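The structure appears below as structure tokens.
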Amino acid sequence: MDNNIKMDRRSFLKKAAVGVAAVSVSCVGLTYVGTIQPEIEQPRYTGEIMNTNKRILVTYATRAGSTAEVADFISKQLVQQGFSVDLQPVKQVSDLSGYQAVVMGSPIRMGKWVGEANQFLQNNNDVLSKKPTAAFTVCMPQIEDHQQAFDGYLTQIKAYHTPNEAAFFLGKMALEKLSFLDRFISKTLKAKDEDLRDWEKIGAWAQALPNKLSLN
Ligand SMILES: Cc1cc2nc3c(=O)[nH]c(=O)nc-3n(C[C@H](O)[C@H](O)[C@H](O)COP(=O)(O)O)c2cc1C
């Protein structure tokens, strides 16, 4: 009788362990599947201007592509002003020497610049602190007082690096470009497809950058 109870208990524990393991593997698998991101274009190019030694790095992180498009737009504005510009995703930047200035951008996710953008600031703060730098943030604050949100984002950025110039631009929500999990979170927050980017404002900021960073 005792033996039977022991056997039952043992086989119950075995089955429970197999069950827990199966559920854990399924959860990890589902979480992984939920975070798979649709392919997003991440432009990288050099806008070369002859007869200038003024070279600017414009680097960015993006999840759904809208910050990449803003970075591309800023780069082209700087090229038009006579600067040679390298546009690169932050993960691909290997060397900051040779740049007169660095312009960096990231979207906000859950109140912060995204991981690789913060990592870039943290890893390169020593070098960045010796050059003029500008940071642009693409975001869609949920609170009415946008300035309050921007102030919070700037405080977060400054934990890693203090840029000479910082700007905040309203961004874009494109649900089809999000992972399943991000789309789920966004829909829960009643987010809908919209593009609030103000290209005139972004253009004016880019036009004013060389003066603000004393590059002229
Ligand atoms: C899952 C998720 C979380 C977000 N969290 C914030 C946030 O905390 N604050 C904010 O201002 N914007 C937030 N946004 C809005 C994005 O910053 C905005 O859509 C931006 O344009 C995205 O840039 P990207 O297209 O380069 O990824 C969030 C967007 C998503 C999809």
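The values are calculated or read from the model by the stated rules, or taken from the named source; none is laboratory data. No experiment lies behind these values; they were computed from the predicted model shown. Glycine also receives a Cβ, built like all others from the backbone with ideal geometry; neighbour counts cover every protein chain displayed. Ligands, DNA and RNA are stripped out before the accessible areas are found, and what is left, the full protein with its side chains, is counted by its heavy atoms. Shrake-Rupley method; radii C 1.70, N 1.55, O 1.52, S 1.80 Å.
Scanning the range 73-88 for residues that are surrounded by fewer than 19 Cβ atoms within 10 Å (Cβ to Cβ) and within 16 Å of the ligand (Cβ to nearest atom) yields a single hit, PHE73. The residue of the range 141-168 that is farthest from LEU196 (Cα to Cα), among those that are near the ligand (Cβ under 9 Å from one of its atoms) and open to solvent by 50 Å² or more (accessible area, probe 1.4 Å), is ILE143.
Flag: GLY111 matches the condition of being of a type outside the set (Val, Ile, Thr), in contact with a Phe, Trp or Tyr (Cβ under 8 Å, 6 or more places away or on another chain) and open to solvent by less than 50 Å² (accessible area, probe 1.4 Å). For the range 42-62, the candidate set comprises residues that are modelled with pLDDT under 95 and of a type in the set (D, E, K, R); within that set, the residue that is farthest from LEU213 (Cα to Cα) is GLU48. In the range 57-67, the residue that is surrounded by the fewest Cβ atoms within 10 Å (Cβ to Cβ) out of those that are under 12 Å from TYR45 (Cα atoms) and aliphatic (A, V, I, L, M) is LEU57. Against the numbered list (1) within 16 Å of PRO210 (Cα to Cα); (2) open to solvent by 10 Å² or more (accessible area, probe 1.4 Å); (3) within 11 Å of the chain's Cα centre (by Cα), GLN119 comes up short only at (1).
Taken over the range 169-199, the residue count meeting the criterion of being outside any strand (DSSP E or B), within 11 Å of the ligand (Cβ to nearest atom) and more than 30 Å from LEU215 (Cβ to Cβ) is 16.
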